[in-house]
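Rule-based calculations on the coordinates, nothing more; no lab input. It should be emphasised that the depicted structure is a prediction, and the values quoted were computed from it without experimental measurement. Counting neighbours? That spans all protein chains shown, and the Cβs are built from the backbone with ideal geometry, glycine included.
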Amino acid sequence: MRIKLSKWKVISFGLGPIGKSIAKLALERGSQIEIVGAVDSDPELVGEDLGRVLGLDTRTGIRVQRAGKGLYDEADIVLHATTSFLSTVKAQLLEFCDHGIDVVSTCEELAYPWFNHAEAARELDSAAKERNVSLLGAGVNPGFVLDVLAITLSGVCQSVSEIHGSRILDAAKRRLPFQMKVGLGMSVDSFEENVRTGKFGHIGLPESLALTCASMGVDVDKIDQKISPKLATSPVKTEHFGVIEEGMVIGLVQDGTAIARGRRLATYHIEMYAGAVDPYDEIEFVGVPNISLRIQDGTPGDIATAAIIVNSIPRVIEARAGLLTVKDLRPASSVFA
Ligand SMILES: NC(=O)c1ccc[n+]([C@@H]2O[C@H](COP(=O)([O-])OP(=O)(O)OC[C@H]3O[C@@H](n4cnc5c(N)ncnc54)[C@H](OP(=O)(O)O)[C@@H]3O)[C@@H](O)[C@H]2O)c1
């Protein structure tokens, strides 16, 4: 645990749409947070002032670097938003550990790597402990809607027999990289080909399921997952893909089931498509008592992700060393405007 009384010094690592929102919010919280460095591999951004990259009128004096070298000594924590896959980010995370710097990352597979990537999780955990570093995978989904909220709600149940979660959202209102990963504008063949790569669709559903069950004392044996295309039933006008004709893909439907103790413990259902009507997030517990929680209109993923990453900074800095998950920390909270 490292408690600091001065401003938290952060590195913005990854400046796609999500990394930029995180950096903007960190700048807005200037009384608590100081950005000491910015990193992105995009050649168009390297060398540019962070203020320009963020579309601000003011310059920050921080130039975007291709890598983090030279920045680590100054910083307390990395705000990391590059990719979804642990195999890609593991080397970066180990580099942060080597430099003794804490990390909060949007990498979906880092939200609960103990189920699908146990070996990498053990490696990261021991590297983090060795260097007294805290590593956290956080976000909205995974990281909040289908795990933190569920875990919190379960606290009022004397016992639980099943959990059901749903998240229905309008993909047309999300950033372009998100729309691409849910298949907007694709043909069915190309959608299915992408699904077969295992790197397509919403990443993080097994992590949310395994994390929630682990928090309630069960290591799941198996997670079944199915990803299907959602097809346009009439032409759909979109900002980035023009008119998506009938029969083409406007998003996806993804279902996950967690199995343990020889039975189904949890089912999560996600629909992410352009023009989704009546979006919502919902968690339902079958137990004693039965209880459910619905967020009408859903949690706005892109804004909320930036919020939860920035709001997690003090939680991570105060935390014990190791590879942590959101179930190990007090929930992040915001600040009054
Ligand atoms: N958990 C959650 O709830 C949640 C919510 C939102 C987003 N996410 C995840 O957060 C990540 C960021 O989202 P996004 O939409 O901003 O993604 P994005 O558009 O792919 O942007 C990622 C940025 O990081 C840069 N980058 C990639 N690898 C790098 C490296 N090794 N070193 C430095 N920079 C690197 C990319 O540069 P190049 O262009 O050169 O590749 C790009 O500018 C995604 O994986 C997304 O799925 C998670």
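For the stretch 63-205, the alpha carbon positions stretch 46, 46, 28 Å along the principal axes, listed from largest to smallest.
Note on the chain: semi-axes of the ellipsoid equivalent to its C-alpha gyration tensor, largest first and rounded to whole Å, are 31, 26, 18.
Of A91, L79, L45, which is farthest along the charge dipole of the stretch 13-93 in the positive direction, counting Lys and Arg as +1 and Asp and Glu as -1 at C-beta? Among A91, L79, L45, the one farthest towards the positive end of the dipole of the stretch 13-93 is A91. With θ taken as phi - 60° and the Karplus curve 6.51 cos²θ - 1.76 cosθ + 1.60 applied, the whole-hertz 3J(HN,Hα) list for the stretch 142-154 is x, x, 8, 4, 9, 9, 4, 4, 4, 4, 5, 5, 5 Hz, x standing for glycine and proline.
Loop-located GluC sites (Glu not before Pro) across the stretch 206-289 with a Cβ neighbour count of 13 or fewer within 10 Å are E239, E245, E246, with loop assigned by DSSP.
Each peptide among 321-334, 69-82 gets the average number of other Cβ atoms lying within 10 Å of its residues, and from highest to lowest they stand as 69-82, 321-334. Computed from label points 7 Å out along Cα-Cβ, the spacing between L231 and S41 is 3.7 nm.
Computed about its Cα centre, the charge dipole of the chain is approximately 640 debye, with only Lys, Arg, Asp and Glu carrying charge at their Cβ.
Per-residue ellipticity at 222 nm computed for the chain from its helices equals -8000 deg cm²/dmol, with DSSP H segments shorter than 4 residues left out and the rest contributing -39,500 (n - 2.57). Pairs from the table (K181/K230; K90/K199; K9/K90; K20/K327; K7/K129; K181/K226) lying more than 19 angstrom apart at Cα are K9/K90; K20/K327; K7/K129.
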